[in-house]
1. If you build the convex hull over the alpha carbons only and average its shadow over all orientations, what do you get for the range 38-138? Give it in nm² to one decimal.
2. Determine, for 104, 74, the number of other Cβ atoms within 10 Å of each Cβ, and report the residues in order from fewest to most.
3. Along the Cα→Cβ direction, 7 angstrom out, place labels at residue 39 and residue 108. What is the inter-label distance in nm?
4. By count of other Cβ within 10 Å, fewest leading, how are 58, 94 ordered?
5. If you rank 112, 122 by fewest surrounding Cβ atoms within 10 Å, what's the result?
6. On full extension of the chain, what length is gained from residue 49 through residue 125, given 0.36 nm per residue of separation minus the C-alpha to C-alpha distance?
7. Given an 8 Å cut-off on Cα distances and at least 6 residues of separation, report the relative contact order of the range 38-138 as a percent.
8. Distance between the C-alpha centers of the range 104-120 and the range 58-73? Whole Å please.
């Protein structure tokens with residue numbers, strides 16, 4: 001069975017697709033995990049390395065899965081964990097203000113809990129750290 005070259009994509013004798021897109025995907029290695037579409041619990045279950053890294057930033061006895069329950073997404077939770085660690089704010093206090101019916105943004109939460117801190121800069125820093133953490137384990 002020969003290979004078809006229509007449109008630059010074809011099927012080789014071993015049944016594998018080839019062509020520009022197939023070569024590009026193959027050269028990129030394994031597909032990246034898209035954690036943005038997963039619940040925090042699912043993402044942490046699929047990425048034990050991230051969960052382990054976050055566990056180190058949390059109070060003793062609290063797991064990343066426990067910490068992230070109730071957050072809308074993984075990024076929000078990871079950023080809150082970083083703020084707690086960076087500013088020495090009890091994680092439970094951050095979580096209480098950021099989850100639930102009357103939840104506040106990370107910046108507003110920081111402002112309420114540490115009024116003398118530059119909340120906007122700290123929220124930006126924590127979001128950057130969270131993106132880096134998630135990207136590192138998703139690739």
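Taken together, the values in this text are just the output of simple stated rules run on the coordinates, not laboratory data. Please read all numbers here as calculations on a predicted model, not as lab measurements. Reconstructed Cβ throughout: ideal geometry from the backbone, glycine too, with neighbour counts over all protein chains shown.
1. Working: hull surface 22.6 nm².
Here the figure is 5.7 nm², rounded to one decimal.
2. Numbers: 104 17, 74 26.
With the sparsest Cβ surroundings first, the list reads 104, 74.
3. 2.5 nm
4. 58, 94
5. Details: 112 13, 122 21.
By the 10 Å Cβ count, ascending, the order reads 112, 122.
6. Working: separation 76, 0.36 × 76 = 27.36 nm, distance 2.16 nm.
Stretched fully, the residue 49-residue 125 segment lengthens by 25.2 nm.
7. Details: 113 pairs, mean separation 27.1, N = 101.
The value is 27 percent.
8. Taking the Cα centre of the range 58-73 as reference, the centre of the range 104-120 is 20 Å away.
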